[in-house]
Protein chains: 2
Amino acid sequence: MKRKITLKHIARELGVSISTVSKALKNSEEIGSDTKEKVQAFAKLYNYKPNNIAISLKNKRTKNIGVIIPDIVHHFFTTVFRGIEKYANAKGYNVIVCVSDESFDKEVINMELLANGSIDGFIMALSSGTQLKNDYNHLKEVTEQGIPLVLFDRVAEDIKCDKVYINDRKGAYNAVTKFINDGRKRIALITTDDYISVSRERAVGYTQALSDNGIVFNENLILKLPSMEIDEKMIEDFFKREKVDAVLSVNEIFAIHSMRLVQSKGLEIPEDISFIGFTDGLLSKYASPGLTAIAQHGEQMGEIAAEILIEKVENDMEEETFVTKILEPTIIERGSTVN
Amino acid sequence: MKRKITLKHIARELGVSISTVSKALKNSEEIGSDTKEKVQAFAKLYNYKPNNIAISLKNKRTKNIGVIIPDIVHHFFTTVFRGIEKYANAKGYNVIVCVSDESFDKEVINMELLANGSIDGFIMALSSGTQLKNDYNHLKEVTEQGIPLVLFDRVAEDIKCDKVYINDRKGAYNAVTKFINDGRKRIALITTDDYISVSRERAVGYTQALSDNGIVFNENLILKLPSMEIDEKMIEDFFKREKVDAVLSVNEIFAIHSMRLVQSKGLEIPEDISFIGFTDGLLSKYASPGLTAIAQHGEQMGEIAAEILIEKVENDMEEETFVTKILEPTIIERGSTVN
DNA sequence: AAAAACACCTAAAACGTTTTCGTACAATTG
DNA sequence: CAATTGTACGAAAACGTTTTAGGTGTTTTT
């Protein structure tokens, strides 16, 4: 087993000091060219690579970014992650991922662990548990220690940090407006509980589009599913009870489920009823008919988040100025709406 | 900005030595109880947490696991990742993810970077680039340095390390056997190029099941798509050219695509043609009809990989004994096959 | 009363770097 | 030839821990 070689080994072997070796490897002007050559040759021969941990300790920089997301088996979050990873890697950073599992406690634990020197900054989307609890002390602690934090997608107003998310309100607004322009009158919204910031925003957009177009808001046309788990019965009851000709869903799964349900009842999509779903994921793409989707530009979001974070990390500016970047959603039209 | 407090700060503030503080916080018997109390109270008050990097340097243990996967926006890999993360976290480990993007070069770069002290061990699935090139020197280098390595799913025979994957051959075998028992005669296989280990294995299982059941192998019934990108035309030509009554696909996407194609041609699933696809992901679940799938037990795979790795890391046994754990695939029956 | 034991604490090394400062010697200057 | 400058290197501190090996001063033992 070839153990990793250190500066000390090289120094001892070559009969010079550790500092000389260090400088020689950095091609310092201080060191004579013959010594430099000797050291560099030896280092290459034994494949010397500096120890990241030692450098981190010295520099107080880890070149690691902590990413905390609610779930990893999740198309949108992984898309964002891809953007983060791509940008970070290009800048020489590695990414440590922790999954909060939508739990406040796990979010706190993971954050505290990473905050003790393991990372230079955080990129995260809040867990639903945290949004429900509305307790952001763990975030505050971290930022007060001077650790940069960028929130994406699931953000919270009252945290002072950088943020990047899409204009969910506008996404919903545009979708509903499209329904109306297509002549739809009874437009449903399938959503989750309100404490998730994005759901709340989407509901606002939905309502606003209706009122801007003179359609009376009808509470009954909103179906709130209590969890991400599909409640077949609630959906079935909803469609049995309400006559709707368009459905906006805050996620793909609710949409696909509803589509299959109404299809099984003999309705035609999009002739009798059309659908638009948030998140342009796999399901939307491969459903039949394809589900018109509101793209959230996850990869771009990730890249921007990483860019903002790394900028902060590298020029640790004391002045506390925070940016909020809001991306514009895009509607990807597919077969579930009339073109 | 509250900077992180260190042992040195506490020592200076309390007029004791650093070692006293360190021991007091560990509740060492060497320290008098009043001193201990004083130190502990002070530490709690100022929220002292030891610096991970310093501890890593001292212990030569990072409590980080490096995970390298070909892609992150990928249901199966994220499922495995979830298993890894869950187990690792429970054991106090964090996970650093790098995405090889199916590229040999990126895999090498990421590995070398992490190997310089950032992690205690690797869990990875080989990139297709690496499998194509058949060059495993970067893996060898790492293991020779005594860094434990666990390969999952995309493994390679000639690497000496721990491995965990499912019996792909058997998965395909069982699927084809089921087709035959259901009375199917012209059974197609849609796959990728052979250099991906799992595809190769699945093809073997396919062929074996045919021959074990006295069905003549027909080369024309195998469709090899050159890449993960869907080539609509190739699929369409295939189904135009060959009359098939059952399709085994090495992934969901090829299967779903084919299903939609044959449906658009007026065929009924599963009456006229039935489908089974590898990986029990979202698409299989939400397709219509649902796609009968071969589950790969990703989460379990991840947990096992993490368990093996952490065991190795914590009891760094010099004896080089490697385990290979092969999981049994399970068929999840849905509407795309006759029950 | 000297020796031994004990309780409590500190100095210092170690982990592997980087970097500042110092110094020995040679070469140049006035 | 003394003073200055320059070249090439080394010692040591620093990052924040843990841990070993002392080292006090008090108390117990004989």
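The values are calculated or read from the model by the stated rules, or taken from the named source; none is laboratory data. Note that the structure is predicted; figures quoted are calculated from it, not measured. All Cβ positions, glycine included, derive from the backbone under ideal geometry; neighbour counts span all protein chains shown. Ligands, DNA and RNA are stripped out before the accessible areas are found, and what is left, the full protein with its side chains, is counted by its heavy atoms. Shrake-Rupley method; radii C 1.70, N 1.55, O 1.52, S 1.80 Å.
Residues that are in contact with a Ser or Thr (Cβ under 9 Å, 6 or more places away or on another chain) and charged (D, E, K, R) within the stretch B:106-128 comprise B:106, B:107, B:120, listed in sequence order.
Residue by residue, here is whether (1) more than 22 Å from residue A:114 (Cβ to Cβ); (2) facing chain A (nearest Cβ under 7 Å); (3) open to solvent by less than 60 Å² (accessible area, probe 1.4 Å); (4) outside any strand (DSSP E or B) holds:
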| site | (1), (2), (3), (4) |
| --- | --- |
| B:54 | no, yes, yes, yes |
| B:68 | no, no, yes, no |
| B:81 | no, yes, yes, yes |
| B:84 | no, no, yes, yes |
| B:106 | yes, no, no, yes |
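Taking the stated definitions as given, is residue B:114 away from chain A (no Cβ under 13 Å), hydrophobic (A, V, I, L, M, F, W, C) and assigned to a helix (DSSP H, G or I)? Spell out how you get there, then give the answer.
Working: away from chain A (no Cβ under 13 Å): no; hydrophobic (A, V, I, L, M, F, W, C): yes; assigned to a helix (DSSP H, G or I): yes.
No; evaluated as a whole, the condition is false for this residue.
Tell me whether the stretch B:230-240 contains one or more residues that are open to solvent by less than 20 Å² (accessible area, probe 1.4 Å) and farther than 15 Å from residue B:289 by Cβ. Looking for residues that are open to solvent by less than 20 Å² (accessible area, probe 1.4 Å) and farther than 15 Å from residue B:289 by Cβ, one finds at least one in the stretch B:230-240, hence yes. Just one of B:160, B:170, B:91, B:178 is over 17 Å from the mean Cα position of the chain (by Cα), open to solvent by 20 Å² or more (accessible area, probe 1.4 Å), under 28 Å from residue A:111 (Cβ atoms) and of a type outside the set (Gly, Ala, Ser); which is it? Only one candidate qualifies: B:91.
When we screen A:90, A:156, A:172 for residues that are out of contact with any helix residue (DSSP H, G or I) (no Cβ under 8 Å at 6 or more places or on another chain) and small (Gly, Ala, Ser), the only hit is A:90. Scanning the stretch A:13-52 for residues that are under 25 Å from residue B:61 (Cα atoms) and more than 9 Å from DNA strand D (Cβ to nearest atom), we see that the one that is surrounded by the fewest Cβ atoms within 10 Å (Cβ to Cβ) is A:47.
Scan the stretch A:186-200 for residues that are modelled with pLDDT of 95 or more and open to solvent by 30 Å² or more (accessible area, probe 1.4 Å) and the total you get is 1. Applying the condition of being open to solvent by 90 Å² or more (accessible area, probe 1.4 Å) and touching a residue at least 60 places away in the same chain (Cβ under 8 Å) to the stretch B:301-319 and asking which residue is farthest from residue B:124 (Cα to Cα) yields B:316. Looking at the stretch A:191-222, which of its residues are farther than 15 Å from residue A:128 by Cβ, among the polar types (S, T, N, Q) and not in a loop (DSSP other than H, G, I, E, B)? If the condition is that a residue be farther than 15 Å from residue A:128 by Cβ, among the polar types (S, T, N, Q) and not in a loop (DSSP other than H, G, I, E, B), then A:207, A:208, A:211, A:220 are the ones that fit.
Look at the stretch A:15-36: where a residue is closer than 19 Å to residue A:50 by Cα and a partner is more than 7 Å from DNA strand D (Cβ to nearest atom) and β-branched (Val, Ile, Thr), sitting 6+ places away or on another chain with Cβ atoms under 6 Å, you get A:21/A:10; A:21/A:39; A:24/A:39. The single residue among A:284, A:249 that is open to solvent by less than 10 Å² (accessible area, probe 1.4 Å), away from chain B (no Cβ under 12 Å) and within 28 Å of residue B:251 (Cβ to Cβ) turns out to be A:249. Among residues of the stretch A:242-265 that are without any contact (Cβ under 8 Å) to a residue 12 or more places away in the chain, those with a Cβ under 9 angstrom from a residue that is among the aromatic types (Phe, Trp, Tyr), sequence gap 6+ or separate chain, pair up as A:260/B:286.
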